[in-house]
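Everything below concerns the one structure shown next.
The values are calculated or read from the model by the stated rules, or taken from the named source; none is laboratory data. Bear in mind that the values here come from a model prediction, so they are computed numbers and not experimental data. Positions of Cβ are generated from backbone atoms using ideal geometry, with glycine treated the same way; all protein chains shown enter the neighbour counts. Accessible surface is based on the protein model in full, side chains and every heavy atom, while ligands, DNA and RNA are left aside. Shrake-Rupley method; radii C 1.70, N 1.55, O 1.52, S 1.80 Å.
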Amino acid sequence: MSESSTFSVGEERITGVVDKVSFFSESSGFTVLRLSRNGERESATVVGCVAAVNAGQHIEAVGCWHNDKTWGIQFKATHLAVIPPDTLDGITKYLSSGMVKGIGPHLAKLLVRAYGMEVFTIIEDSPETLLELPGIGKKRLQQIAAGWAEQKAVKKIMLFLQSHGVSTARTVRIYRTYGDDALAIVSANPYRLILDIPGIGFKSADQIARNIGIANDSPLRARAGIGYTLHELSLEGHCRVPESMLLAACKRLLNIPDEVVQEALRQEISIGTIVSVEDEGEKHCYLVSLFRAEVGVAKSIQRIMGGILPWGVLKPNAVIPQAEKESGIELSESQRSAVALALSSKFLVITGGPGVGKTTIIKTILTILESAAALNVLLCAPTGRAAKRLSEATGMEAKTIHRLLEFDPFLRDFRRGTSYPLEADLVIVDEASMIDVVLMNRLLAAISSRSALIFAGDVDQLPPVGPGFVLADMINSGVLPVVRLTEIFRQAESSMIIVNAHRINRGEFSIPSHQSGADLSDFYVVSAGSATDIQRMLLRVVADRIPDRFGLDPLRDIQVLTPMNKGALGTKALNTLLQERLNPNAARKIVRYETTYAEGDRIIQMVNNYDKEVFNGDIGRIAVVDEEESTVSVLYDGREVLYEFGELEEIALAYAITIHKSQGSEYPAVVIPLAMQHFSMLERNLIYTAVTRAKKLVMVIGDPKALVTAVSNKRSSQRLTGLAALLSGEPLQQ
């Protein structure tokens, strides 16, 4: 019996053409659609789960009719699948729907005109025949053949995985990751899904494991729980976790006897996936990758510091006044001391908030070294925007760390490293607070022992998105040369953004009251109570008040920064509202993954994509939505990047982004919605980071109590790491 004809007693089978997809969840496959059926005047509402669905496709649904109190009569499907249509018009719509990659509306009509009802047989059995048609070359033929094969393979694995509780959308991801080996891999060890498939956590993998008969106290389950728990802690930024903390968290997750968990930990340590170290009598655990990263960072710093200073001995009393004369800038005593320390140090950390002169110090160092010797200097930063700002400030080329290390998309690795180091006398790294321990390890490994190294960054900002806080660990080790700048310079004292940022950082910030009719300020706090009031005021401020009073463009110059993704003041809700207000009349748009992507929209890249050379946090604008080619063209600083519709989950609307995603960027104006519903995230370094992203204007909209709570809260979770101890030479016993 075929898949499409299997259903239980009491269920019925309906088929038809999808008129409209009212809702589709990529994460679960849950969909609500309107279905036109032969012989029926009105379309039916069908609710169920499917891997992917578009208007125009033929659907088979198996289930029961249900009268929902809110939504009325619906067909609740236990089985929902796209099926081949049986009319020429239906075949055309099916092929036009995007179900088969490489075939758009124009080509669909051409295929049906040429082959009629036999078109599916031709694609299946004799695809090379398609080369006879105009517009189809070998590349397009390969696309079509691959798309057709994928649909067939997905159906087979879908039957197995859905029977074990896996959603249809995740089934597709599993197939794309494992290919034809998917069934064998999942059957042998479903816990592999946790690390390999985005969106599948321990609970989902655990459910599959139970369904296929893996025991609750199985060593396989216990070991998976240990690894998962340590991985989850790394997502919170931790590298080195006390063993007692790890075991307690695992016991809560697994609910199995202590001895089973302890034995699982011993097994993971014995095979080397987890590293155990002892520090001051207490055992700690690392994921092996993070242990190697911390040890690698410590060894690289010690190696670099042991080298010879590339420019020899320079006398600060002679070279600093000359540099001041050349640049027309008079340094303060603290800045002169910082420059002098840099000139005598192989390795230096410069930290401080806005307006304290970090850039001035770097420019002065570069001026001195340019005059003193012919040196090769490299500048870099973690993000494209931060690199661009560094380049503008210094007048020299600055690259992202990924570009500096020459990432090779084919090898999926950096070309630069220990065996092929960077050719530089001095490397300057800006926005160093953003760099996690894994990337820092790769960067330092690529720096030659003959090079000098300067890190600049604000250690009081949010820590990196990834694990570790290397900048803080370097400062806290107490063994590295560090310049901590606190003096705000006169040219910055007139900026309330800078003044208030430092007040926030000291916990002294009092809410400013701007008098109506007074001269324009660059810092405002607008009181609003409920989330609805904050939304309403935010839309008015972004769309009308800031453009009218400050002459700033709402699409180009204003960035909304919010603490969270979820909720009424999260990125998802605010992006929908701002898109409707700021870009309502886009010529072309497409709906994917519950999001409308329209020409003119501002978007953000959510993951690193080395093939496209776009990275997590890069912001661009949608230039073209091409339904015929099933692509979206995005411009990043004038460079075009193409996304297929299936890749759109890599990007998100960026009218509003999280404060974490804004690190390393600057915007003319920043608008920050704040409410007590953000309570769990209201911390000083969060607000400080948001405020310091603005160049011309900050506007905080929300509950004044939330702002006071954030400023007074410096609990800023201490990250659990071992790097400071490694740098200070404290012995760690494995």
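Here is how the numbers come out for the structure above:
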item	result
Some residue of the range 614-623 being touching a residue at least 12 places away in the same chain (Cβ under 8 Å), farther than 29 Å from Gln461 by Cβ and touching a Ser or Thr at 6+ places or on another chain (Cβ under 9 Å)	yes
Selected residue [modelled with pLDDT of 95 or more, open to solvent by 10 Å² or more (accessible area, probe 1.4 Å), in contact with a Phe, Trp or Tyr (Cβ under 7 Å, 6 or more places away or on another chain) and not charged (D, E, K, R)] from Val275, Val288, Val349, Val295	Val275
Filter result (open to solvent by less than 10 Å² (accessible area, probe 1.4 Å), in contact with a Leu (Cβ under 8 Å, 6 or more places away or on another chain) and farther than 19 Å from Gly567 by Cα) within the range 691-705	Arg693, Leu697
Residue satisfying all of: in the range 306-318; surrounded by 15 or more Cβ atoms within 10 Å (Cβ to Cβ) and without any contact (Cβ under 8 Å) to a residue 60 or more places away in the chain; nearest to Ala338 (Cα to Cα) among these	Pro316
Verdict on Thr596 being hydroxyl-bearing (Ser, Thr, Tyr) and modelled with pLDDT of 90 or more	no
Scan of the range 651-683 for residues that are in a helix (DSSP H, G or I), modelled with pLDDT under 90 and open to solvent by less than 40 Å² (accessible area, probe 1.4 Å), ordered by number	His678
Of all residues making up the range 370-419, the number that are in contact with a Leu (Cβ under 7 Å, 6 or more places away or on another chain), in a strand (DSSP E or B) and farther than 24 Å from His660 by Cα	3
Criterion (modelled with pLDDT under 85, closer than 26 Å to Ala338 by Cα and open to solvent by 30 Å² or more (accessible area, probe 1.4 Å)) met by exactly one of Glu508, Glu493	Glu493
Residue list for the range 45-79, filter: of a type in the set (A, V, I, L, M), modelled with pLDDT of 80 or more and open to solvent by less than 10 Å² (accessible area, probe 1.4 Å)	Val46, Ile59, Ala61, Val62
Any hit, the range 198-209, residues being under 17 Å from Gly225 (Cβ atoms), in contact with a Leu (Cβ under 6 Å, 6 or more places away or on another chain), at pLDDT 85 or above and aliphatic (A, V, I, L, M)	yes
Options Leu648, Leu686; residue that is farther than 21 Å from Ser495 by Cβ and not in a strand (DSSP E or B)	Leu648
Filter result (within 26 Å of the chain's Cα centre (by Cα) and under 23 Å from Lys346 (Cα atoms)) within the range 403-427	Leu404, Leu405, Arg416, Gly417
Residues that are of a type in the set (A, V, I, L, M, F, W, C), buried (at least 17 other Cβ atoms within 10 Å of the Cβ) and closer than 19 Å to Glu628 by Cα, drawn from the range 588-612	Ile590, Ala598
Lys283 vs. criteria open to solvent by 20 Å² or more (accessible area, probe 1.4 Å), more than 24 Å from Asp458 (Cβ to Cβ), of a type in the set (Lys, Arg) and outside any helix (DSSP H, G or I)	yes
So Ile447, is it open to solvent by 30 Å² or more (accessible area, probe 1.4 Å), modelled with pLDDT of 90 or more and within 30 Å of Glu294 (Cα to Cα)	no
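Every residue, every condition in (1) in a strand (DSSP E or B); (2) open to solvent by less than 40 Å² (accessible area, probe 1.4 Å); (3) of a type outside the set (S, T, N, Q); (4) over 14 Å from Gly384 (Cβ atoms), yes or no:
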{"site": "Gly617", "(1), (2), (3), (4)": "no, yes, yes, no"}
{"site": "Val632", "(1), (2), (3), (4)": "yes, yes, yes, yes"}
{"site": "Leu635", "(1), (2), (3), (4)": "yes, no, yes, no"}
{"site": "Val641", "(1), (2), (3), (4)": "yes, yes, yes, no"}
